[in-house]
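The values are calculated or read from the model by the stated rules, or taken from the named source; none is laboratory data. If you're wondering where the values come from, they're calculated on a predicted model, not measured in any experiment. Positions of Cβ are generated from backbone atoms using ideal geometry, with glycine treated the same way; all protein chains shown enter the neighbour counts. When the accessible area is computed, the model is the full protein with side chains, heavy atoms only, and any ligands, DNA or RNA have been set aside. Shrake-Rupley method; radii C 1.70, N 1.55, O 1.52, S 1.80 Å.
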Amino acid sequence: MFAITKQAHEMGKDRKKQRSASDAVILKRVAEKHGITEQYVRVCVKGFSDSDKATEIQADYKVLKK
């Protein structure tokens, strides 16, 4: 029973790494497209900036996320 649980745990870690890697690629692409930093993309995606550009960045991020 413990071996199955440990295996499931390892699979979960792998999925999280894959999500993190794909999120990083998406952030990089959006940043390059708009000529801004990845950090600013994160700020916009989380909703901490309410400018028109932030809205555009959020839309691009959502499209690439799907």
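Spin-label pair E10-Q39: with each label point 7 Å from Cα along the Cα-Cβ axis, the two points sit 3.7 nm from one another.
Heavy-atom accessible area of T37 with all protein chains present, probe 1.4 Å, nearest 10 Å²? Answer for T37: close to 90 Å² accessible.
With r defined as the distance between the Cβ atoms of E56 and A24 and R0 fixed at 25 Å, what FRET efficiency is calculated, to the nearest 0.05? Intermediate results must be reported in sequence, preceding the final value.
Details: r = 20 Å, r/R0 = 0.82.
Step by step, r from the Cβ atoms, then E = 0.75.
Which sequence of L64, L27 reflects their accessible areas, 1.4 Å probe, from the largest down? Don't jump to the answer; show the numbers that get you there.
On the way: L64 75, L27 20 Å².
Heavy-atom accessible area, descending, gives L64, L27.
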